[in-house]
Amino acid sequence: MLPALSPHTKHIVIDLQRVFAEPHGWHVPSIAGILPNVLTLCQTTAENTLYSRFITPPKPEDAPGRWQNLYQAYPQVTGLDPAILDLIDPLTQIAQPSQIFDKTTYSIFPAIQPHLGQTDTLILSGAETDACVYASLLSAVDLGLRVIIATDAVTSSDQAAHNATLNIIARRLPAQVECATTAEIIAAWPK
């Protein structure tokens, strides 16, 4: 059973965008499977939810350093119509502009750090478990925050990597990261 959550808890939805949800260069078909749980968390945590968007560059050479290598390997995700970088429906209907943070790296930090205020706990959902979710999780741990990964509200294009990442978190970080289902998180949410 998940211990009660503090009133200073935030829910972070990582990169649930069209570029990942639709057949494109970085398609994550399993997003559809987690979306009901993500929506349940968003509805429960409404004004305490923040959203990240991964923004790709116009051209591979516009990216800094070794990020150029990534975009040279995936040139189809550069120079995109900005609409493909939008959040997926129905998140576009519930996310307020002030709740959406753009990033060009895996972690949502430092983009959200100035907006956390008294936040002491983060719940993470979204994609991809083994990349942007994991990087954000480690950044939050580094800040000393209580971190909870919503195990049924995260996914990856590589299910083996998704499972391995959840196993690593459970085995290597149990003193700093809690793993919980959407139902367990909602049961622990402050009333």
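Readers should treat all values here as calculations from the given coordinates under stated rules, not as data from a laboratory. Source: prediction; values computed, not measured. Cβ sites come from the backbone with ideal geometry, for glycine too, and all protein chains shown count toward neighbours.
Beta carbons within 10 angstrom, averaged per residue: use that to sort the peptides 16-26, 81-91, highest first.
16-26, 81-91
By a straight-distance test (C-alpha under 30 Å), which lysines pair with K191 as possible cross-link partners, with residues fewer than eight away in the same chain excluded?
Straight-line reach from K191, under 30 Å: K10.
Which one of M1, L137, P64 is farthest out on the positive end of the charge dipole of the chain, using unit charges on Cβ (Lys, Arg +1; Asp, Glu -1) and the Cα centre as origin?
M1
What fraction of the DSSP beta bridges in region 9-188 is antiparallel, stated in percent and rounded to the nearest 5?
Counting DSSP beta bridges with both partners in region 9-188, the antiparallel share is about 5 percent.
Among 143-156, 56-69, how do they line up from the highest to the lowest mean number of other beta-carbon atoms within 10 Å?
On the way: 143-156: 22.0, 56-69: 13.4.
Result, highest mean first: 143-156, 56-69.
Could you work out how far helix 159-172 tilts from the main Cα principal axis of the chain, as a 0 to 90 degree angle to the nearest 10?
Here the helix axis deviates by roughly 40 degrees.
For the chain, with only Lys/Arg (+1) and Asp/Glu (-1) charged at the beta-carbon, what is the dipole magnitude about the Cα centre, in debye rounded to 20?
It comes to approximately 340 debye.
Under a point-charge model restricted to the Cβ atoms of Lys and Arg (+1) and Asp and Glu (-1), what is the dipole moment magnitude of region 61-103 relative to its Cα centre, in debye to the nearest 20?
200
So what's the projected area for region 1-139, the Cα convex hull averaged over all directions, in nm²?
That works out to 8.8 nm².
Report, in whole Å, the centroid distance computed from the Cα atoms of region 75-145 and region 1-49.
First find each Cα centre; the distance between them is then 10 Å.
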